[in-house]
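One structure below.
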Amino acid sequence: MRLVIAQCTVDYIGRLTAHLPSARRLLLIKADGSVSVHADDRAYKPLNWMSPPCWLTEDAQDGSLPVWVVENKTGEQLRITLEAIEHDSSHELGIDPGLVKDGVEAHLQELLAEHIELLGDGYTLVRREYMTAIGPVDILCRDDAGRTVAVEIKRRGEIDGVEQLTRYLELLNRDSLLAPVSGVFAAQQIKPQARTLATDRGIRCVTLDYDVMRGMDSDEFRLF
């Protein structure tokens with residue numbers, strides 16, 4: 001991972017355009033090729049980013065300020081104009097073991113993937129643990145119309161789970177091969193505040209009955 005602290009301006013050019021005026025920011029360039037721009041607030045969400053596959057090149061002409069041009073396969077660009085660099089370092093983090101879910105939550109994911117029709121008639125599984133630049137989506141599937149659906153699974157559905165799914169949806173909807181992507185928040189129990197937030201963001205909530213799911217016919221997942 002490369003960490004750069006710089007005074008910079010940022011422009012996103014693509015289906016949407018966005019501009020960040022000059023300020024000191026943290027730039028993260030990860031081994032997967034992703035580039036993200038961070039301010040000194042927010043616990044997790046960058047100000048702007050480009051997800052892999054993408055390519056970073058430096059463009060500096062006629063003695064002008066260096067510009068990082070990060071371009072993805074669809075031609076969208078994140079242009080970072082570097083006015084002054086205060087820190088630039090690279091670090092080898094190695095392979096991360098990933099988030100380890102507790103037994104019930106992991107088993108819920110397995111059971112729902114095995115019986116994806118619980119989300120609705122005509123649903124089909126794409127894959128479990130669909131990897132993104134910010135972590136794995138529990139389940140990626142398609143509805144009866146072939147549209148992409150991202151599913152986040154929790155034992156207890158709380159606001160932080162809705163926020164997590166929202167971040168995945170923002171990222172996935174930048175991929176023209178997947179978009180439009182809708183969301184399903186699935187849990188054994190969903191708190192009213194989480195349900196309200198999910199509904200406001202167009203995310204469908206599904207309550208899972210673990211005992212019923214364990215009793216479904218499956219040679220692979222039957223516990224006893």
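Working out 0.36 nm times the residue gap between R204 and D59, then minus their Cα-Cα distance, what length gain in nm do you get to one decimal? Spell out each step's value before the answer.
Details: separation 145, 0.36 × 145 = 52.20 nm, distance 4.39 nm.
Stretched out fully, the R204 to D59 stretch lengthens by 47.8 nm.
Each Cα pair under 8 Å and six or more residues apart adds its separation to the average, and for the chain the resulting relative contact order is 13 percent.
Can you quote the Å³ per residue value for the convex hull of the Cα atoms in segment 1-130, rounded to an integer? Spell out each step's value before the answer.
Numbers: hull volume 21.3 nm³, N = 130.
So the per-residue Cα hull volume is 164 Å³.
How many percent of Cα pairs in segment 66-175 exceed 26 Å?
Working: 2199 of 5995 pairs.
For segment 66-175, the fraction of Cα-Cα distances above 26 Å is 37 percent.
Full extension of the segment from D121 to K45, taken as 0.36 nm per residue of separation minus the current Cα-Cα distance, would add 23.9 nm. Taking all Cα-Cα distances within segment 1-68, those exceeding 19 Å account for 34%. The alpha carbon centroids of segment 63-82 and segment 160-195 are separated by 29 Å.
Provide the gained length on full extension for the span V212 to H91, in nm with one decimal, where the gain is 0.36 nm per separating residue minus the Cα-Cα distance. If you can, show how the numbers build up before the last one.
Numbers: separation 121, 0.36 × 121 = 43.56 nm, distance 4.71 nm.
The V212-H91 span can extend by a further 38.9 nm.
Placing R127, R167 in order of accessible area, with the largest value first and a 1.4 Å probe, yields R127, R167. Figure note: S90, S36 ranked by solvent-accessible area, largest first, 1.4 Å probe, ligands and nucleic acids not counted: S90, S36.
Scoring 168-176, 67-75, 16-24 by mean Cβ neighbours within 10 Å over their residues and listing the highest first yields 168-176, 67-75, 16-24. Taking every protein chain into account, the 1.4 Å probe leaves C205 with about 30 Å² of accessible area, to the nearest ten. Under the simplified labelling scheme, the L26-H107 pair shows an inter-label distance of 3.8 nm, with each label point 7 Å from Cα along Cα→Cβ.
Against the chain, whose longest principal axis is taken from its Cα atoms, helix 103-114 shows a tilt of about 80°. Think of the chain as having a plus end and a minus end, set by charges on the Cβ of Lys, Arg, Asp and Glu; of L93, A194, H107, A194 sits farthest toward the positive end of this dipole.
Checking the Cα-Cα distances for K73/K154; K45/K154; K30/K154 against a 26 Å cut-off, the pairs over it are K73/K154; K30/K154. Ordering M131, M1, M50 by accessible surface, largest first, gives M131, M1, M50; the 1.4 Å probe counts only protein heavy atoms, with every chain in place.
The values are calculated or read from the model by the stated rules, or taken from the named source; none is laboratory data. None of these values were measured; they are calculated from a predicted model. Glycine gets a Cβ as well: all are built from the backbone with ideal geometry, and neighbour counts include every protein chain shown. These area figures cover heavy atoms from the full protein model, side chains too; ligands, DNA and RNA do not enter into them. Shrake-Rupley method; radii C 1.70, N 1.55, O 1.52, S 1.80 Å.
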